[in-house]
1. Checking E155 against (1) surrounded by 11 or more Cβ atoms within 10 Å (Cβ to Cβ); (2) closer than 21 Å to V46 by Cβ; (3) not aliphatic (A, V, I, L, M), which single condition isn't satisfied?
2. Residue check: is R93 in contact (Cβ under 8 Å) with a residue 12 or more places away in the chain, closer than 24 Å to R60 by Cα and among the basic types (K, R)?
3. Suppose the filter is surrounded by fewer than 10 Cβ atoms within 10 Å (Cβ to Cβ), at pLDDT below 95 and hydroxyl-bearing (S, T, Y); does T21 pass it?
4. When segment 113-126 is examined, which residues are found to be open to solvent by less than 60 Å² (accessible area, probe 1.4 Å), out of contact with any strand residue (DSSP E or B) (no Cβ under 6 Å at 6 or more places or on another chain) and under 14 Å from Y81 (Cα atoms)?
5. Return a yes/no flag: does segment 127-149 have any residue that is closer than 30 Å to L15 by Cβ and either modelled with pLDDT of 95 or more or in a helix (DSSP H, G or I) (or both).
6. Can you find, within segment 51-73, the residue that is farthest from W129 (Cα to Cα) among those that are outside any loop (DSSP other than H, G, I, E, B) and open to solvent by less than 30 Å² (accessible area, probe 1.4 Å)?
7. Could you grab me the full set of residues in segment 130-176 that are basic (K, R) and more than 30 Å from V97 (Cα to Cα)?
8. Where residues in segment 35-50 are assigned to a helix (DSSP H, G or I) and not aliphatic (A, V, I, L, M), which of them is surrounded by the most Cβ atoms within 10 Å (Cβ to Cβ)?
Amino acid sequence: MDVLLHAKKFGVRSLLLQGLTFLSVLTSAFMIWKGLSLFTNSESPVVVVLSGSMEPAYHRGDILFLHNGYTPIEVGEVVVYKLDDKPIPIVHRVIKVHTENETEKQYLLTKGDNNNADDRGLYNPGQLWIQRDEIIGRVKGFVPYAGMGTIWMNEYPQLKTGLLGALCILSLFSND
């Protein structure tokens with residue numbers, strides 16, 4: 001009942017203005033994301049580390065900033081790659097590089113710093129190397145633990161729903 005009284009108090013025009021403001025914020029965020037994607041040549045220029053496989057270099061919840069340049073990838077670089085049958089990208093270090101002489105095509109072998117074995121067990125069946133086109137980007141920087149909120153929202157969907165609901169209500173009924 002309070003919501004209806006509040007809506008009548010502010011009027012339909014004010015509620016529409018608040019809705020459009022909220023929509024413009026979402027649109028701006030999307031445009032910034034796409035701009036970063038173009039600038040970094042990466043479909044996902046920012047990722048969150050979801051496991052402890054890269055400790056001590058990167059911890060669960062760290063936000064990684066990626067760039068996907070055209071120079072050859074070298075042993076020791078940390079890359080993020082995505083396989084066709086896996087929905088979540090993997091963050092691991094390159095431990096071997098094989099380059100074909102004729103085509104300059106690169107084949108990479110990766111491993112998590114905290115893992116005992118290389119990633120061949122994670123690759124698609126029969127696949128021994130990942131190819132350059134499976135690389136989303138190379139890690140160029142990070143912010144420690146800044147992505148823990150994302151992990152919590154994925155692990156506790158009620159938290160995500162509650163936060164989104166609260167943000168929608170606040171944006172619709174704020175006085176500014």
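The values are calculated or read from the model by the stated rules, or taken from the named source; none is laboratory data. Just so it is clear, the structure is predicted and the values come from calculations on it, not from any experiment. Please note: Cβ atoms are built from the backbone with ideal geometry, for glycine as well, and neighbour counts cover all protein chains shown. Heads up: the accessible areas ignore ligands, DNA and RNA and are worked out on the full protein's heavy atoms, side chains in. Shrake-Rupley method; radii C 1.70, N 1.55, O 1.52, S 1.80 Å.
1. Here E155 meets the rest and fails (1).
2. Here the answer is yes, as R93 does meet what is asked.
3. no
4. Listed by number, the residues that qualify are Y123, N124.
5. Taking every residue of segment 127-149 in turn, at least one turns out to be closer than 30 Å to L15 by Cβ and either modelled with pLDDT of 95 or more or in a helix (DSSP H, G or I) (or both).
6. The extreme case among them is L64.
7. Of everything in segment 130-176, just one residue is basic (K, R) and more than 30 Å from V97 (Cα to Cα), namely K160.
8. T40
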